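Colleague: Below is one structure. I have some questions about it.
The values are calculated or read from the model by the stated rules, or taken from the named source; none is laboratory data. The model shown is predicted, which means the values in this text are computed figures rather than measured ones. Note that we place each Cβ from the backbone using ideal geometry, even for glycine, and neighbour counts take in every protein chain shown. Note: areas computed on protein heavy atoms with side chains; ligands, DNA, RNA excluded. Shrake-Rupley method; radii C 1.70, N 1.55, O 1.52, S 1.80 Å.
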Amino acid sequence: MRVILPQEIIRALRDRYITAVSDAEDTYDMHCADEDSLTGALGQSLAMPRNQVFRVGHRTYSIGIGYTKLRGRGKNAPEKTFGSDGIFQMEVRDELGVGLRSKGLPFQSKKNWTGTNRKLADQAANMERHTPGGIVVDFSRRGYMACPAQSVVRVEGERRVLTEKGQLRELGKVLGDDFLNCTIGTLGLYFDPEREVYVGQGQGLHLVTTNVDIRA
């Protein structure tokens, strides 16, 4: 995204991601009944109406971060099929609404992940089969952490090994640094709001979306 967006916008988005995750962490006790509640609270914290306008040079950038919770339970629940709880998504469009670039970062969430969780490793492996390059998010009172799903698969869900290797990192920084720098995430992975499907990836996950409109 740094190729398309100026540093001012990258900094604004980074600050938003880090602050929003911190705010969500502060409300952990209000939403800790289950992982869906925690994921929904994180999305609400990230949400920002598309009225934050930045003027850089001869262009105007309107930024909005939205959250949509899609079906995640019941018969044929997509989480069971695809291994994902949701996807962080970014899209950049020009003044005509034409998409310039989009990317997605699938994730599987856990609450209070401790010890060895082989079920989580299986979910991460399933997610990697359908949407490679995702992350696992761990919600806890100690903070929200994240690591590459493929790393979880390699160590068979053993959290201690990932911690010792420094692969579990603060979620806000993973989104604000790695995702914005395009070191993680998959180009072209996006959600179609009209058909309510992930293009080529199924449907029914959580969706956290960042939109940037560019106007000359």
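Colleague: Going by average Cβ neighbours within 10 Å, how do the peptides 1-9, 117-125 rank, with the highest at the top? Each step should come with its number before you reach the end.
Modeller: Details: 1-9: 14.2, 117-125: 18.3.
With the highest mean Cβ count within 10 Å placed first, the list reads 117-125, 1-9.
Colleague: Need one number: nm distance between label points at Phe54 and Leu100, each 7 Å from Cα along Cα→Cβ, rounded to one decimal.
Modeller: The two pseudo-label positions are separated by 1.2 nm.
Colleague: Same structure again: For Gly86, list long-range residues whose amide hydrogen, built 1.01 Å from N in the peptide plane, is under 5 Å from its own amide hydrogen.
Modeller: Those qualifying (amide H under 5 Å, at least 5 residues apart or on another chain) are Phe107, His206.
Colleague: Expected output is a single nm value to one decimal: the length gained when fully extending between Val161 and Arg129, i.e. 0.36 nm times separation in residues minus the C-alpha distance. What is it?
Modeller: Working: separation 32, 0.36 × 32 = 11.52 nm, distance 2.28 nm.
In short, 9.2 nm is gained.
Colleague: Can you tell me the length gained on complete extension of the stretch Leu187 to Thr27, counting 0.36 nm per residue apart and subtracting the Cα distance? Numbers along the way, then the final one.
Modeller: Numbers: separation 160, 0.36 × 160 = 57.60 nm, distance 3.19 nm.
54.4 nm is the gain from fully extending Leu187 to Thr27.
Colleague: Suppose R0 equals 25 Å. What FRET efficiency, 1/(1 + (r/R0)^6) with r the Cβ-Cβ distance, do Lys173 and Thr81 give to the nearest 0.05?
Modeller: Once rounded, the FRET efficiency stands at 0.25.
Colleague: Still on this structure: Just to verify a number: what accessible area does Thr116 come out at with the full protein assembly present, 1.4 Å probe, Å² rounded to tens?
Modeller: Thr116 has an accessible surface of roughly 70 Å² with all protein chains in place.
Colleague: Could I ask something else about it? Along Cα→Cβ, 7 Å out, is where each label goes; now give me the distance between the ones at Glu8 and Ala47 in nm to one decimal.
Modeller: Calculated label separation equals 2.9 nm.
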